[in-house]
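A.B. asks: Before anything else, here's the structure in question.
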């Protein structure tokens, strides 16, 4: 595996697994959305805040597919620099922040 894009490859390969987990746990709309909110908070927050989330469906699915590869790309960009720890911390904190924000704004009881 090319070490220059290691994180991008790893997170790109893990993303379909994360997507399967989120869709399976959501049960086609009749299950538990927690894993989707946790794994894809960047796509979940606009869905929760939108009055018509169906109109954003393509955009949100695209955002969900790009989130983890983008994390990997950002890690690969900074992995051999002094900014790597700050990048990891920023990604983790922003991910957690958007997850908590999503939970805060959920209007329906997503079981």
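A.B. asks: Between residue 94 and residue 52, what's the calculated FRET efficiency when r is the beta-carbon distance and R0 is 22 Å? Round to 0.05.
C.D. replies: 0.25
A.B. asks: So if I take the centroid of the Cα atoms in region 73-99 and the same for region 38-56, what is the distance between those two points in Å?
C.D. replies: 23
A.B. asks: How many percent of all Cα-Cα pairs in the chain sit more than 25 Å apart?
C.D. replies: Here the tail beyond 25 Å accounts for 25 percent of pairs.
A.B. asks: Moving on. With Rg and the Kirkwood Rh both taken from Cα atoms, where does Rg over Rh land for region 1-60?
C.D. replies: My calculation of the ratio gives 1.08.
A.B. asks: Quick one: 102, 82, 8, fewest Cβ neighbours within 10 Å first, how do they rank?
C.D. replies: 82, 8, 102
A.B. asks: Give me 104, 24 ranked fewest to most by other Cβ atoms within 10 Å of their Cβ, as a rough exposure proxy.
C.D. replies: The order, fewest Cβ neighbours first, is 104, 24.
A.B. asks: Can you pull the Kirkwood radius for region 55-109, inverse mean 1/r over Cα pairs, to one decimal in Å?
C.D. replies: Computed over region 55-109, the radius equals 12.9 Å.
A.B. asks: Same structure, new question: Given the rule -39500 (n - 2.57) for each run of at least 4 DSSP H residues, summed and divided by the residues of the chain, what is its mean residue ellipticity at 222 nm, to the nearest 500 deg cm²/dmol?
C.D. replies: Calculated from helices alone, the mean residue ellipticity at 222 nm is -24000 deg cm²/dmol.
A.B. asks: When only Cα pairs under 8 Å and 6 or more residues apart are kept, what is the percent relative contact order across region 3-105?
C.D. replies: Reported as a whole number, the value is 38 percent.
A.B. asks: Report the FRET efficiency, 1/(1 + (r/R0)^6), for residue 70 and residue 107, where r is their Cβ-Cβ distance and R0 is 30 Å, rounded to 0.05.
C.D. replies: Result of the calculation: an efficiency of 0.60.
A.B. asks: Still on this structure, please answer the following. Report the residue, chosen from 68, 32, 42, that carries the largest GNM mean-square fluctuation when the chain is represented by alpha-carbon nodes joined by springs under 10 Å.
C.D. replies: Per the Cα network of the chain with a 10 Å cutoff, 32 tops the list.
A.B. asks: Cut-off is 10 Å between beta-carbons; in what order do 47, 25 appear when sorted fewest neighbours first?
C.D. replies: 25, 47
No lab work stands behind these numbers, since they all come straight from the coordinates. In this text the structure is predicted, and so the values were computed from the model without any measurement. Neighbour counts run over all protein chains shown; Cβ positions are idealised from the backbone, glycine included.
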